[in-house]
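First comes the structure, then the notes that go with it.
Laboratory data are not the source of any read-out in this text; all were calculated from the coordinates shown. Keep in mind it's a predicted model, so treat the numbers as computed, not measured. Glycine also receives a Cβ, built like all others from the backbone with ideal geometry; neighbour counts cover every protein chain displayed.
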Amino acid sequence: MVKLNNDWDEKLKNLFDSELYLGIREFLKKEYFTQTVYPPMSDLFNCFKFTPFNKVKVVILGQDPYHNPGQAHGLCFSVKISPFPPSLKNIFKEISNEFNTPVRTNGDLTDWAEQGVLLLNTSLSVRKNQANSHSNCGWQTFTDEVIKILNNSPNPIVYLLWGGNARSKKKLITNKNHLVLESAHPSPLSAYAGFFGNNHFKKCNEFLIKNNLEPIKW
C-alpha cells in the first residue's frame with residue numbers, strides 16, 4: 001500500500017486500489033529486480049509527497065525521468081548532481097532572462113515542490129539509458145487520472161505544458177479556474193523554437209497574484 005502521508009492519500013486511494021495500478025506494480029517489481037530502473041523505488045512518488053494536493057498552485061509536466069545514473073529523484077526536470085541536463089539548463093536560462101536574475105546554480109527543485117509546484121512526469125519510472133522504456137506499462141493512464149483529479153480542484157492552478165507530450169494533456173484540463181500555458185520543450189532541439197521568450201514563469205506568477213496566491217520564488 002502506497003502511503004504519501006498527506007491529502008493525496010485520499011485523492012489517489014481509488015487509483016492505487018485499481019487494477020491499473022496493480023498491473024503497474026507487478027511490472028515494476030520485475031523491472032526493479034531484473035533491470036536498473038530510475039528513480040530509486042523510494043523516490044517514485046516524491047512529487048506527491050513534497051506537494052500536497054491542496055497546496056498545488058502550478059503543475060509542470062515532464063515526459064519520463066532522466067535515465068542516466070544519479071539524476072532522477074521523483075521530481076520532473078530536477079537533479080541533485082551536476083552537470084545539469086540541457087533542458088534544465090535552458091529552464092534556468094529562461095528564468096534568468098525573465099526576471100533579470102543570476103542563473104540558478106542548484107538543480108534540486110525540491111524548493112519549488114514545497115512552494116506548490118507539482119513536478120509530475122507522465123511516466124514515473126524508466127530503465128537506465130532507455131528513454132520512454134516504461135511509457136507503455138500503464139503510467140500514462142495513471143498520470144492522466146492524476147491530471148483529471150487536479151482538474152477538479154476548486155483552487156486555481158497554472159499548468160506549464162512544454163513540448164508535444166505535455167501539450168497532448170491539454171484536453172484533460174477543462175476547468176475554467178485554471179490557466180494553461182503551452183510552448184516548445186526546453187530541450188536544445190526545440191528551445192529556440194518557442195521555449196525561450198515564452199515568459200511562462202512571469203505569466204504564472206501574475207496569475208497567482210491575481211488569484212491572491214503567493215507567487216513562486218523561481
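Miscellaneous remarks
- Classification of segment 52-99 by its C-alpha gyration tensor yields an oblate form. The axis ratio a/c (a ≥ b ≥ c) is 1.5 or more, and b/c is at least a/b.
- Label separation (residue 106 vs residue 199): 2.9 nm, computed from points 7 Å beyond Cα along the C-beta direction.
- Calculated FRET efficiency for the pair residue 27/residue 153, C-beta based, R₀ 30 Å, to 0.05: 0.55
- Multiplying the residue separation of residue 9 and residue 81 by 0.36 nm and removing their Cα-Cα distance gives an extension gain of 22.9 nm.
- The lysines within cross-link reach of residue 13, meaning a Cα-to-Cα straight distance under 28 Å and a gap of 8 or more places when in the same chain, are 3, 29, 30, 49, 55, 57, 148, 169, 170, 171, 176.
- Other-chain or far-sequence residues with amide H under 5 Å of residue 121's (modelled H): 62, 76
- Note on residue 192 and residue 18: their simple-model spin labels are 4.2 nm apart, each label 7 Å out from Cα toward Cβ.
- Radius of gyration (Cα atoms) of segment 61-187, expressed as a multiple of 2.2 N^0.38 Å: 1.06.
- Enclosed volume per residue, in Å³, of the convex hull spanned by Cα atoms of segment 157-218: 78 Å³
- The share of alpha-carbon pairs in segment 129-186 lying farther apart than 15 Å comes to 54%.
- Residue-count net charge about residue 182 - beta-carbon cut-off 15 Å; Lys, Arg +1, Asp, Glu -1: +4
- Each listed q (0.19, 0.23, 0.26, 0.28 Å⁻¹) maps to a log10 I(q)/I(0) for segment 2-79, found by the Debye formula over equal Cα scatterers with no solvent: -0.96, -1.27, -1.35, -1.36.
- Cut-off of 10 Å, at most 13 other beta carbons, DSSP loop: longest stretch of the chain lacking such trypsin sites (Lys or Arg not before Pro): 4-127
- Rounded to whole Å, the principal axis extents of the Cα atoms in the chain read 47, 39, 28, largest first.
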